[in-house]
Amino acid sequence: MNHKFTNEEVINLADKLLIGISEEEVKDIVEELTFVADSMNVISEIKEIDGLEPLTHPFNLYETSLREDDDYEEGHDIEDLLSNADFTQGREIEVPKVVG
């Protein structure tokens, strides 16, 4: 089943959603919807697709493991780290305010 999207359908849907779109955008949306519909048709034509289990993740999450950190080093002295900061209060670093 091949549905051909039209400009009128896209304009009607945009009006219902209260979205203002230009003629160029209508053309682009029709092309994108047609591409998606064609892609779905290709997928639906795959033989025995109904017998396949849906893939929800590309990796088997139950078989993954974290690597060993062989090169782990003990942390640095906090006083050495804080000596690089301009303004400190105790073990905290004062940073410029970035949110109004």
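Data overview
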quantity: Candidates Glu53, Glu79, Glu32: whichever shows maximal mean-square fluctuation once the chain is modelled as a Gaussian network with Cα springs under 10 Å; calculated: Glu79
quantity: Acute angle (nearest 10 degrees) that the helix 7-16 long axis makes with the longest principal axis of the chain, alpha-carbon atoms; calculated: 60
quantity: Rounded tilt (10° steps) of 23-44 against the dominant C-alpha axis of the chain; calculated: 90
quantity: Placed amide H near Phe5: partners under 5 Å, 5+ positions off or other chain; calculated: none
quantity: For the chain, built as a Gaussian network whose Cα springs stay under 10 Å, the top-fluctuating residue of Asn12, Asn84, Asn41; calculated: Asn84
quantity: Charge dipole magnitude, Cβ of K and R +1, D and E -1 - segment 7-50, Cα centre, debye nearest 20; calculated: 120
quantity: Values of log10 I(q)/I(0), in the order q = 0.20, 0.24, 0.26 Å⁻¹, for segment 7-50 under a Debye, Cα-only, solvent-free model; calculated: -0.65, -0.78, -0.85
quantity: Helix-only mean residue ellipticity at 222 nm for the chain, each DSSP H run of n ≥ 4 adding -39500 (n - 2.57), per residue, nearest 500; calculated: -11500 deg cm²/dmol
quantity: Radius of gyration and maximum dimension Dmax of the chain, Cα, Å; calculated: 28.2, 70
quantity: Pair Glu79, Leu13: separation of 7 Å Cα→Cβ label points (nm); calculated: 6.7
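Just so you know, all these numbers are worked out from the coordinates, no wet-lab data involved. All values derive from a computational prediction rather than experimental measurement. Glycine gets a Cβ as well: all are built from the backbone with ideal geometry, and neighbour counts include every protein chain shown.
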